[in-house]
1. Only one residue in PRO87, PRO96, PRO102 is surrounded by 11 or more Cβ atoms within 10 Å (Cβ to Cβ) and out of contact with any His (no Cβ under 8 Å at 6 or more places or on another chain). Which one?
2. Of the residues that make up segment 115-124, is at least one in contact (Cβ under 8 Å) with a residue 40 or more places away in the chain, in contact with a Leu (Cβ under 8 Å, 6 or more places away or on another chain) and assigned to a loop (DSSP other than H, G, I, E, B)?
3. Filter segment 35-67 down to residues that are within 17 Å of TRP118 (Cα to Cα) and of a type in the set (Val, Ile, Thr) and give me whichever is farthest from the chain's Cα centre (by Cα).
4. Look through PRO107, PRO61 and report the one residue that is out of contact with any Cys (no Cβ under 8 Å at 6 or more places or on another chain), closer than 27 Å to GLY29 by Cβ and at pLDDT 95 or above.
5. Out of everything in segment 29-46 that is outside any strand (DSSP E or B) and touching a residue at least 40 places away in the same chain (Cβ under 8 Å), what residue ends up being surrounded by the most Cβ atoms within 10 Å (Cβ to Cβ)?
Amino acid sequence: MTEQVRVLDDRPVGRAMWRGTLCRCPHCGKGKMFRSYLKVVDQCDACGEELNHHRADDFPPYIAITIVGHIIIFLMMHMDMTYKVDPLTYVWTMIPLAIVLPLAMLPSIKGSIVGLQWSTRMYGFGTGQRD
């Protein structure tokens, strides 16, 4: 009786996450990962890799909010210890930062999470004919 051994292609986590951070396909690094702001394409237009298996869900916003929260708290503490700051200054500076920064970070963070899921073959990544 012959046994078939399935050899899986190498998927380095760091490279896949970096390519995702750049909003590129984690497999080839050439095709776009998003068709709109946060909508992941079903298939890479460069290599044909299926990207519709991702399940990023609420993890990217959680990471973005955590990062931005730390940045804003640091800035507020630094401003308060260094200068005499009017409380309205915080309203006019920190609230816009708290809105804009997470929105700017979300595509890269989501791309990185999709790259992580692809490289570790989570949620159906790696079950196609490419492996």
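The values are calculated or read from the model by the stated rules, or taken from the named source; none is laboratory data. Because the structure is predicted, anything quoted here is derived from the model rather than measured. Counting neighbours? That spans all protein chains shown, and the Cβs are built from the backbone with ideal geometry, glycine included.
1. Unique residue meeting the criteria: PRO102.
2. Yes: segment 115-124 contains one or more residues that are in contact (Cβ under 8 Å) with a residue 40 or more places away in the chain, in contact with a Leu (Cβ under 8 Å, 6 or more places away or on another chain) and assigned to a loop (DSSP other than H, G, I, E, B).
3. The selected residue is VAL41.
4. That would be PRO61, the only listed residue that is out of contact with any Cys (no Cβ under 8 Å at 6 or more places or on another chain), closer than 27 Å to GLY29 by Cβ and at pLDDT 95 or above.
5. The residue in question is MET33.
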